[in-house]
Amino acid sequence: MNEETPRIGDPFPSVEVQTTHGKIKLPDHFRGKWWVLFSHPADFTPVCTTEFVAFQRRYEEFKKLNCELIGLSVDQVFSHIKWIEWIKEKLGVEIQFPIIADELGELARRLGMIHPKKGRNTVRAVFVVDPEGIIRAILYYPQEVGRNIDEILRLVRALQVADKYNVATPANWPNNELIGDKVIVPPAMDVKTAEENRRKYECFDWWFCYKSVE
């Protein structure tokens, strides 16, 4: 029987993988840190190359958030090594995070990264995992559309703020059209709390109150 594909809120599957940095056990390797696992269709392809350069150029920003990066495709580790050598030689960018060589596609299938109509290559999937090894966000992009890496950074920041302050972040946070960089207070579940929230916070109504953080 096939294992069910993990969903938001599920633990990341325990697995040992071969990477460009050697063998790594997930999620244990990143315990205590946030991390982003992202798959790409294939090495030596234009869109994937632009994504890896973009991830690397923002790697320090991810690390400031206590967040690591790890790539994945079904290519062999030798291909990964040669590709990152090419990126360094031709584009002047050194890829510093590990890349999983999922040659048999076992982890990719486990995570739902293989599109049945796109051969055996992985789609552009993104898994954001918290320090406890819990999957907090999942994004899927088609092969023909490159990812917005700034959005993935924003997503990690937003999850951390939501956790720290027990709040929600609005659309386009921190540049929301209604409340700017403020965050949304959980809606009241009783009359007393609704009245208290109106006194404590800025509100459009009792169910839509917001505040500043940091």
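The values are calculated or read from the model by the stated rules, or taken from the named source; none is laboratory data. Only a predicted model underlies this, so the values are computations on that prediction, with no experimental measurement involved. No Cβ is skipped: glycine too gets one built from the backbone with ideal geometry, and neighbour counts run over all protein chains shown. Note: areas computed on protein heavy atoms with side chains; ligands, DNA, RNA excluded. Shrake-Rupley method; radii C 1.70, N 1.55, O 1.52, S 1.80 Å.
Is there a residue in region 176-189 that is free of Cβ contacts under 8 Å to residues at least 24 places away in the same chain, surrounded by fewer than 16 Cβ atoms within 10 Å (Cβ to Cβ) and polar (S, T, N, Q)?
No: region 176-189 contains no residue that is free of Cβ contacts under 8 Å to residues at least 24 places away in the same chain, surrounded by fewer than 16 Cβ atoms within 10 Å (Cβ to Cβ) and polar (S, T, N, Q).
Applying the selection to region 104-149, what residues are farther than 25 Å from GLY32 by Cα, hydrophobic (A, V, I, L, M, F, W, C) and surrounded by fewer than 16 Cβ atoms within 10 Å (Cβ to Cβ)?
LEU104, VAL145
Counting only residues that are outside any loop (DSSP other than H, G, I, E, B) and touching a residue at least 40 places away in the same chain (Cβ under 8 Å), which one in region 143-152 is nearest to CYS67 (Cα to Cα)?
ILE152
Condition first: under 18 Å from ALA158 (Cα atoms) and either modelled with pLDDT under 95 or open to solvent by 40 Å² or more (accessible area, probe 1.4 Å) (or both). Now tell me which residues in region 190-213 satisfy that. Walk me through it before giving the result.
Within region 190-213, the subset under 18 Å from ALA158 (Cα atoms) is 209-213.
Answer for region 190-213, where residues must be under 18 Å from ALA158 (Cα atoms) and either modelled with pLDDT under 95 or open to solvent by 40 Å² or more (accessible area, probe 1.4 Å) (or both): LYS211, SER212, VAL213.
One residue is enough: does region 186-209 have a residue meeting the conditions hydroxyl-bearing (Ser, Thr, Tyr) and closer than 29 Å to LEU26 by Cβ?
Initial filter on region 186-209 (hydroxyl-bearing (Ser, Thr, Tyr)): 193, 201.
From what is left, the residues that are closer than 29 Å to LEU26 by Cβ are none.
Checked against the condition, which is being hydroxyl-bearing (Ser, Thr, Tyr) and closer than 29 Å to LEU26 by Cβ, region 186-209 yields no hits at all.
So how many residues does region 153-174 have that are part of a loop (DSSP other than H, G, I, E, B) and under 20 Å from PHE62 (Cβ atoms)? Break it down into steps so the answer makes sense when it comes.
In the first step, residues of region 153-174 are kept if they are part of a loop (DSSP other than H, G, I, E, B); the result is 166-167, 169-174.
Within this subset, residues satisfying the condition of being under 20 Å from PHE62 (Cβ atoms) are 169, 173-174.
Final tally of qualifying residues: 3.
Going through region 186-214 one residue at a time, which ones are among the β-branched types (Val, Ile, Thr) and part of a helix (DSSP H, G or I)?
Within region 186-214, VAL191, THR193 qualify.
Output the helices (runs of 4 or more DSSP H) that fall wholly within region 1-103 and possess 3 or more residues being open to solvent by 20 Å² or more (accessible area, probe 1.4 Å) and either in contact (Cβ under 8 Å) with a residue 12 or more places away in the chain or hydrophobic (A, V, I, L, M, F, W, C) (or both), or say none. Full working, then the answer.
Values: elements: 46-57, 59-64, 77-86.
The helices (runs of 4 or more DSSP H) meeting that bar are 46-57, 77-86.
Does VAL156 satisfy being under 21 Å from GLY32 (Cβ atoms) and within 12 Å of the chain's Cα centre (by Cα)? Steps first, please.
On the way: under 21 Å from GLY32 (Cβ atoms): yes; within 12 Å of the chain's Cα centre (by Cα): yes.
Yes; evaluated as a whole, the condition is true for this residue.
Does region 109-127 contain at least one residue that is part of a strand (DSSP E or B), more than 28 Å from ASN66 (Cβ to Cβ) and of a type in the set (A, V, I, L, M, F, W, C)?
Within region 109-127, one or more residues are part of a strand (DSSP E or B), more than 28 Å from ASN66 (Cβ to Cβ) and of a type in the set (A, V, I, L, M, F, W, C).
Are any residues in region 4-21 modelled with pLDDT of 95 or more and out of contact with any Pro (no Cβ under 8 Å at 6 or more places or on another chain), and if so, which ones?
Across region 4-21, the qualifying residues are ARG7, ILE8, GLY9, ASP10, VAL15, GLU16, VAL17, GLN18.
Tell me, please, whether a residue that is among the β-branched types (Val, Ile, Thr) and over 15 Å from the mean Cα position of the chain (by Cα) can be found in region 20-32.
Yes.
Please give the number of the condition ALA125 fails out of (1) at pLDDT below 95; (2) under 25 Å from PRO11 (Cα atoms).
With respect to (1) at pLDDT below 95; (2) under 25 Å from PRO11 (Cα atoms), ALA125 is out only on (1).
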